[in-house]
Structures are given as C-alpha cells and as structure tokens.
Amino acid sequence: MKTLSYGRQFIDGEDIDAVVAVLKGDWLTQGPSVKEFEERFAEYVGARRAVAFANGTAALHGAYFAAGVEAGDEVLTSAMTFAATGNAALYLGGTPVFADIDPATLCLDPDEAAKKVSGRTKVIAPVSYAGYPVDIEPFLRLAAECGAVVVEDACHALGAGRNGVRVGKEAHMTAFSFHPVKHITTGEGGMVTTDSDEFARRLLLFRTHGIEKDPQFMTEAPDGPWATEMQLLGFNYRLSELHAALGASQLRKLERFVLRRREIASMYDALFDEVGSLGTPPRHEGHSYHLYPVQFPAKMRAYAFEELGKLGIRGMVHYLPVPMHPYYRKRFGYLPGDFPHAEELYAREISLPVFYGLSDDDVRRVAEEVRRITGFA
C-alpha cells in the first residue's frame with residue numbers, strides 16, 4: 001500500500017545538477033548563488049529586495065529585528081499559526097500578542113486584531129494560513145494608525161496572490177519558508193522580501209553577525225580594504241550556496257507546482273461537495289494550497305486521523321493554537337476559550353495530502369477513504 005504524507009518535496013534531475021554544479025565550483029557559501037536566488041525571487045514576487053535566510057524562523061526573526069522589535073515591544077499575530085511566528089518576538093525580548101481568526105478565511109481577523117493593538121505594538125504579523133492570501137489592506141491601515149510595521153507570515157503562501165499581485169509585495173516585509181513540504185524547497189531555508197532598502201540592509205546585517213563590509217555604511221573610516229565593522233548583535237543565519245542553487249532551480253518550476261496544488265484542491269472540493277459533515281478550506285482564486293485543511297466533526301477527528309493512518313494516508317493537524325502550548329499558557333496565563341475560532345479549528349482539522357507529484361488516483365483514494373470514514377462512501 002502506497003503511503004501518502006500530507007506534503008513532500010519534488011526533486012528532479014535539474015535540481016540535482018544545480019547542486020552538483022555548486023559542489024564542483026569554487027563557492028560553497030557566501031558566493032554568487034545566493035545573490036542570484038535572491039534576485040530571481042524578488043523579481044518573481046514583484047518586490048525590490050529579497051534577503052535569504054537559513055530557514056523560515058530565521059526569516060521571521062530577521063524581519064522583526066529589521067522592524068525594530070526590542071524589549072517591551074509587542075508583535076500582534078494570529079493564534080492559528082506555527083509557534084515560530086510568536087517565538088521570533090520572544091527572541092528579541094518582545095511580547096507576542098495573539099488574536100483570533102476569522103472562520104471564513106482561517107486567517108487573522110482584522111476586527112479581533114484591532115482590539116489587541118496597544119501603544120507598544122511594533123509589528124502586526126498576519127498569517128496567510130494554508131496558502132490563503134490574507135486580506136492585507138486592513139492590517140496596513142491598522143499599522144498606519146498605530147505606527148507599526150506589517151510583516152506578513154507567508155511561510156504557507158508562496159505563489160499565492162490577491163488582486164493580481166503576488167504575495168510578497170504588499171506588506172512592509174514578507175517572510176517565506178522553503179522547508180521540504182512547502183511549495184519549493186532548499187532543504188531548509190527562508191526569505192524576506194521588501195521594497196525598503198533600509199529594511200533590506202538591516203536584514204543583511206542581522207543574518208551575518210551584524211558585521212558591515214561596505215565602506216559606505218561604516219561608522220568609521222576603514223583602515224584598509226579588509227576592514228569590517230560589527231554594528232549590531234546579529235546571527236549566523238546565512239543560506240549556503242548549495243541551498244540557494246537548489247532554490248533557484250525549484251523556483252523555475254514554482255508555477256506548475258502551484259497549478260498542480262490548485263488542481264488537487266479543486267478535485268477534493270468536488271469530491272467532498274456533498275459531505276455535509278466536512279468543512280473544506282475557504283476558496284480564493286489566489287490560494288496556493290500549502291495545506292488542504294479539512295474540518296471533521298470534533299468527536300470524529302481522532303478516529304478519522306487514526307483510520308487514515310492505518311491506510312497509509314498520513315495527515316497532520318495544523319495547529320494547536322500557539323497560546324495553548326504549555327509554555328505560553330504558563331508564561332502568559334492563556335486559558336482554553338480565549339481564542340474560540342482557532343480552538344475549534346484545532347479540534348476539527350486534518351491536513352490531507354496535497355503536493356506536486358500526487359496523482360489523480362491518489363487524490364481519489366484519499367477522498368474515498370475520507371467519505372467512507374464519514375459515512376458518505
């Protein structure tokens with residue numbers, strides 16, 4: 001029986017050749033491949049600048065730093081996201097503040113977010129959950145009112161679009177992830193896009209120990225062409241040449257990767273249309289379907305998860321709301337019921353397989369088993 005995970009990478013000969021070419025070359029790190037990947041990525045999303053990072057969490061950490069988050073500041077984000085969206089604020093001494101989701105989109109509810117804004121709000125970080133492109137305009141307006149920076153967590157949403165614009169252009173900064181289950185992979189990797197040269201410069205410093213090598217940005221006259229200045233406390237968050245070469249090769253295939261995900265989602269939608277007990281993902285023409293989250297009746301979710309697993313269909317639950325994790329409950333005092341829509345989604349959700357390389361027969365097999373489990377076979 002063929003095992004189907006909720007997501008997996010697709011690697012072909014072109015990808016392998018791109019990595020081998022780097023291995024045969026002169027640079028394994030800090031060479032031309034990273035720059036090429038960044039330039040192609042910025043061009044794809046329509047942003048002026050793109051800065052590569054070692055992973056998506058590092059990208060969020062860098063974006064919050066570039067926005068100026070420090071001790072005492074707040075980062076306002078969705079309760080329904082991966083822990084990294086909140087954790088990256090803690091890394092800088094900031095405080096993550098969570099608001100509930102809109103059940104119609106599964107993304108941060110602008111009205112709920114507005115209730116949580118304070119004089120300490122430095123960043124508003126809406127999450128494009130599962131690949132649904134969150135409506136960014138309300139958050140840009142809210143940020144303008146309170147003087148915050150909008151950092152879109154688009155780690156699920158590469159290839160997504162809204163109003164004819166690709167995700168990665170409209171927020172002040174946008175963070176992406178290239179984990180193997182995402183739309184393209186670098187093994188591990190991330191990217192931040194922005195139209196701001198100042199944000200880009202701070203991102204570049206942050207990912208390389210805070211060290212400046214360009215004389216025009218040094219605070220003191222350089223004592224020679226070898227001169228460097230550590231201007232802030234940064235990290236070693238660089239992406240290697242190997243990872244960047246793989247990313248650039250994968251990026252050339254992104255459009256067909258996203259198209260296939262949309263085809264799979266459309267098949268699922270049609271096959272589940274009459275199953276009234278199932279909640280299918282919100283639909284949007286710009287959805288890029290990193291996940292296909294289905295909502296089962298809460299009392300059935302555990303049984304369905306186990307039954308699918310026995311059949312080699314390995315779904316996943318995305319996610320326990322971040323403020324419901326023991327660390328956050330203990331540190332900040334969150335209680336069950338604080339985020340009812342996010343908690344209901346967690347109680348019901350299973351992400352079904354959706355990835356490039358999944359065949360139509362695979363999709364039908366998954367759907368048939370789900371229908372059988374729910375009594376609609």
Quiz item: Cβ under 13 Å from residue 348's Cβ, residue 348 left aside: what net charge do those residues give with Lys, Arg +1 and Asp, Glu -1?
Solution: -1
Quiz item: Pulled fully out, how much extra length does the chain show between residue 219 and residue 116, if you take 0.36 nm times their separation in residues and subtract their Cα-Cα distance?
Solution: 33.2 nm
Practice problem: Just grab the label-to-label distance for residue 320 and residue 196, each label 7 Å out from Cα along the Cβ direction, in nm (one decimal). | Solution: 3.4 nm
Exercise. Within the range 1-37, find all residues whose amide N lies under 11 Å from a label point positioned 7 Å from the Cα of residue 359 along Cα-to-beta-carbon.
Key: 2
Exercise. Using R₀ = 22 Å, calculate the FRET efficiency as 1/(1 + (r/R₀)^6) where r is the Cβ-Cβ separation of residue 24 and residue 256; round to 0.05.
Key: 0.20
Quiz item: Given Cα pairs under 8 Å that are at least 6 residues apart, what percent is the relative contact order of the chain?
Solution: 22 percent
Exercise. Just rank 3, 185, 193, fewest to most, by other beta-carbon atoms within 10 angstrom.
Key: 3, 185, 193
Quiz prompt | Theoretical FRET efficiency, 1/(1+(r/R0)^6), r = Cβ-Cβ of residue 285 and residue 232, R0 45 Å, to 0.05 | solution = 0.60
Quiz item: From the Cα gyration tensor of the range 42-180, with a ≥ b ≥ c the square roots of its eigenvalues, which class applies: rounded if a/c is under 1.5, or else prolate if a/b is larger than b/c, or else oblate?
Solution: rounded
Self-check item: Gyration tensor (alpha-carbon) shape descriptor, the range 254-373, a/c threshold 1.5
Solution: prolate
Exercise. State the Cα centre-to-centre distance between the range 29-99 and the range 122-187 in whole Å.
Key: 10 Å
Quiz item: From the Cα gyration tensor of the range 4-251, with a ≥ b ≥ c the square roots of its eigenvalues, which class applies: rounded if a/c is under 1.5, or else prolate if a/b is larger than b/c, or else oblate?
Solution: oblate
Exercise. Rounding to the nearest 20 debye, state how big the charge dipole of the range 151-260 is about its Cα centre with +1 on each Lys and Arg Cβ and -1 on each Asp and Glu Cβ.
Key: 800 debye
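Each value in this text was obtained by applying a stated rule to the coordinates, not by laboratory testing. Fair warning: this is a prediction, and the values are worked out from it, not measured in the lab. Note: ideal-geometry Cβ built from the backbone for every residue, glycine included; neighbour counts use all protein chains shown.
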